[in-house]
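One structure is given below, encoded as structure tokens.
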Amino acid sequence: MGATLDALHRLQEVELQIAEIQRGIDRKHRAVHKHEERIAQIDAQLRAEKSSLQTDQMEADRLDLDLKSRDAEIAKYRLALQVAKTNKEYSAILTQLNTHKADNSKLEEKVLALMGQVDARRKTIAGINEQRVAEVTRVEELQALARAEEDRYRDRLSALRAERDQAASAVPPKALDFFNRVAGKNEGVAMAKVIRTHPKRAEYACDGCNMAINIEQVNAILSRDEAITCNICGKILYVDAPAAKAV
């Protein structure tokens, strides 16, 4: 390989070390984010349950107030029975009283059902709150692990980035810009080795995507000091010393 490809290869070695460390740190942060999303879902569930609880409670209160009003009406009918002067009047009042009592009985069942629903929702909310507390605790634990991971590799990353800057200074600007674009798309992997797929025939493939590379491309890599890419995965191809001798 020429000077440019040699410099790119050195740069790639450093870039891979940085990318590996960064992936480990990113995994920790993704775990935090996953549980933060779970907390957001729990909060949405809590809001929905609390809204339903409020609606049920308001309806139960309204029906209970209606029931008390009807109880007052029943009390009036009972008093009217005591002062009824004729059987006909007594019978009419009694019919109204029994109708109100039947309505009240249905209303009481409704109120009891709603209160049962209110109690069930409160238990559900309590359970969801327990889940939230557990998730918050887990987020705090994962955040601590992410910070520890960053602290653990802070000095190493600083040294590698300085090494990367030094390696990048040996790469022509155009090739460096291209390298950075490819590396950015592939988690730091910008280069792929050319591998020989047959011991006796001139058959080659890209180690990045396992797709065939023709001999003209291989010869171009060996003869021209520039970034030549795989037609399939777009990575910069290089040939190591043993393979170069074989070609």
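Set side by side, the residues Ala126, Ala120, Ala102 differ, and just one is of a type outside the set (D, E, K, R) and either at pLDDT below 85 or surrounded by 12 or more Cβ atoms within 10 Å (Cβ to Cβ) (or both), which is Ala120. One residue alone among Leu114, Leu142 is part of a helix (DSSP H, G or I), at pLDDT 95 or above and crowded, with 17+ Cβ neighbours inside 10 Å, and that residue is Leu142. Taking every residue in the stretch 154-174 that is more than 13 Å from Leu11 (Cβ to Cβ) and pairing it with any residue that is open to solvent by less than 90 Å² (accessible area, probe 1.4 Å) and in a helix (DSSP H, G or I), at least 6 positions away or on another chain, the pairs with Cβ-Cβ distances below 8 Å are Arg156/Ile21; Leu157/Ile18; Leu157/Ile21; Leu157/Gln22. Among the candidates Gln41, Gln57, the residue that is without any contact (Cβ under 8 Å) to a residue 40 or more places away in the chain, within 30 Å of Arg121 (Cβ to Cβ) and part of a helix (DSSP H, G or I) is uniquely Gln41. Against the condition open to solvent by 30 Å² or more (accessible area, probe 1.4 Å), closer than 30 Å to Asn186 by Cβ and in contact with a Gly (Cβ under 8 Å, 6 or more places away or on another chain), how does Gln17 come out, does it pass? No. Just to be sure before I move on: is Gln82 touching a residue at least 40 places away in the same chain (Cβ under 8 Å), open to solvent by 60 Å² or more (accessible area, probe 1.4 Å) and polar (S, T, N, Q) in the structure I sent? No; evaluated as a whole, the condition is false for this residue. Among the conditions (1) in a helix (DSSP H, G or I); (2) out of contact with any His (no Cβ under 6 Å at 6 or more places or on another chain), Lys85 misses just one, which is (1). In summary, Gln54 fulfils each of the numbered conditions (1) farther than 30 Å from Ser158 by Cβ; (2) open to solvent by less than 80 Å² (accessible area, probe 1.4 Å) with the single exception of condition (2).
Just checking, which of Ala120, Ala113, Ala84, Ala134 is more than 30 Å from Asn180 (Cα to Cα), of a type in the set (A, V, I, L, M) and over 54 Å from the mean Cα position of the chain (by Cα)? Sole residue among the options that is more than 30 Å from Asn180 (Cα to Cα), of a type in the set (A, V, I, L, M) and over 54 Å from the mean Cα position of the chain (by Cα): Ala84. For the stretch 87-98, filtered to residues that are modelled with pLDDT of 85 or more and open to solvent by less than 70 Å² (accessible area, probe 1.4 Å), the residue that is nearest to the chain's Cα centre (by Cα) is Ala92. Taking only the stretch 204-237 into account, find how many residues are surrounded by 15 or more Cβ atoms within 10 Å (Cβ to Cβ), without any contact (Cβ under 8 Å) to a residue 40 or more places away in the chain and charged (D, E, K, R). Here the count works out to 1.
The set of residues in the stretch 1-14 that are among the aliphatic types (A, V, I, L, M) and surrounded by fewer than 14 Cβ atoms within 10 Å (Cβ to Cβ) contains only Ala3.
The values are calculated or read from the model by the stated rules, or taken from the named source; none is laboratory data. This is a predicted model, so every value here is computed, not measured. Here Cβ is always computed from backbone atoms with ideal geometry, including for glycine, and neighbour counts include all displayed protein chains. Only protein heavy atoms, including side chains, enter the accessible area calculation; ligands, DNA and RNA are left aside. Shrake-Rupley method; radii C 1.70, N 1.55, O 1.52, S 1.80 Å.
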